[in-house]
């Protein structure tokens, strides 16, 4: 008989909420603004709270607002429908407060320990979060994922246009137009779960399609400045 | 609070005004205080379909501009006292409408009605935007042909982006699909899109299907919403549509190909 459960090791990549100030009031205001701009993309997103900018620099810089109040910050994030799951680079006091709020204490891997005082920014490659669209993109609508990838979980209808500076993945029926590598990146790809679309474009190279009967899983990429398409075949 | 329902389509000539008149009359016949508003400023038609064109003295534009009171512009239907119509102006254009003016009229109507039906003009310009802006629900009228489906898709995108509910981040406008001028025989021949084709393309729940019927044209010319014609298939289909709008379970009818009788085949019919 199979065991009722098992422990397994696994690695997940989680978005990081990097705190640059101890001023919770300011965080609250900017958070509200940013969530309005990004609409629903972060709803229920698990987050790791990284306080490195506060703990790795001279402590007296932000003396006016005092140390970061972890409990208030965590409540603020939860109110904004975000899911803080852990804290990293905290002082022992911060870690204790985080645990009291139900967060896990995470440790950075060895080469990025507290003592090294490496500037935070240089440790992570700059990367724009993927834009995830959960509603149908209808005729006349345009969606553009600037600087990153685009995932559409619903239909892209005839007469609609989706574009991204990175890759595009479309899981609903694709009947419209998709433009990957909108800023000229020739290494980008388009993947469609059910393709019956009008046009595909990668870095300015395009291909149009005649009306088809039935939709197929399709991928598109660039090879010698030619837009190539092929059915997606899964290796099982 | 009254429920505000916009009847819209993007494309012209698909049956928006016919549908607005019949849904409003159908709701009123079920005992709900209902007002139907003509948003097609400059191309006034609703009063003709409702058969009250000779009774229009003041219109919505007069009310917005403060030249008349709302109750002076409202016309009570002669067949059903729960039904009112707010006509529009024939001599002005869509620029006479603005969010604030329309909002004030709707606020006032909400005091005394259960349902407010907004009959949208065709297109995606000001008149159509004003008609859909305050909507709680939308009836998207679509004919079984590709251009009509495409335009319905466009107007659904606009509802999603530009309605008050979208702007204020409230629950989205509830969308209903109404397929009109449906002819099962021509669908069987492959000349028309089927209900399933349209639903797959638009991806919104089906509220009803109105079969193509001569009675619709006759009713329009006579100034009687076709829902009053209980003999006709179109009238019955509108009555079913209203029942579904009110939340009742009501199976689709008139899906079968109508067989012509021998007499009709011989003499044409």
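Miscellaneous remarks
- Within region B:45-65: backbone nitrogen closer than 19 Å to the residue B:91 label point (7 Å, Cα to C-beta): B:45-48, B:53-65
- Mean residue ellipticity (222 nm) of the protein assembly as shown, computed from DSSP H runs ≥ 4 via -39,500 (n - 2.57), nearest 500: -8500 deg cm²/dmol
- Sorted by Cβ neighbour density within 10 Å, fewest at the top, the residues B:198, B:155: B:198, B:155
- Sorted by Cβ neighbour density within 10 Å, fewest at the top, the residues A:228, B:60: A:228, B:60
- For chain B, built as a Gaussian network whose Cα springs stay under 10 Å, the top-fluctuating residue of B:234, B:21, B:68: B:68
- Among B:227, B:187, B:139, residue whose mean-square fluctuation peaks in a GNM of chain B (springs only between Cα atoms under 10 Å): B:187
- FRET efficiency for the pair residue A:185 and residue A:232, taken as 1/(1 + (r/R0)^6) with r the Cβ-Cβ distance and R0 = 35 Å, rounds to 0.95.
- Region A:122-231 - percent relative contact order, Cα under 8 Å, separation 6 or more: 17
- What the Cβ-Cβ distance of residue B:218 and residue B:99 gives, at R0 = 41 Å and to the nearest 0.05, is a FRET efficiency of 0.60.
- Most fluctuating residue given options B:84, B:32, B:248, as computed from a GNM of chain B linking Cα atoms under 10 Å: B:248
- For the protein assembly as shown, share of DSSP beta bridges that run antiparallel, in % to the nearest 5: 20
- Using distinct alpha-carbon pairs, which all enter the 1/r mean, Kirkwood radius of the protein assembly as shown in Å: 26.9
- Mean partner shielding of peptide B:210-217, defined as the number of other chain Cβ atoms within 10 Å of each residue Cβ, is 0.
- Neighbour-count order for B:250, B:80, A:234, fewest beta carbons within 10 angstrom listed first: A:234, B:250, B:80
- Summarising the strand pairing of region A:161-213, around 25 percent of its internal DSSP beta bridges are antiparallel.
- Backbone N atoms of region B:213-227 closer than 17 Å to the 7 Å Cα→Cβ label point of residue B:78 belong to residues B:219-226.
- Distance from region A:135-189 to region B:97-138 (C-alpha centre basis), Å: 33
- Sites residue A:216 and residue B:48 - FRET efficiency at Förster radius 45 Å, r taken between beta-carbons, to 0.05: 0.35
- Here chain B carries DSSP beta bridges of which approximately 5% are antiparallel, counting only pairs with both residues inside.
Each reported figure results from applying straightforward, stated rules to the coordinates on display, with no laboratory input. The model shown is predicted, which means the values in this text are computed figures rather than measured ones. Reconstructed Cβ throughout: ideal geometry from the backbone, glycine too, with neighbour counts over all protein chains shown.
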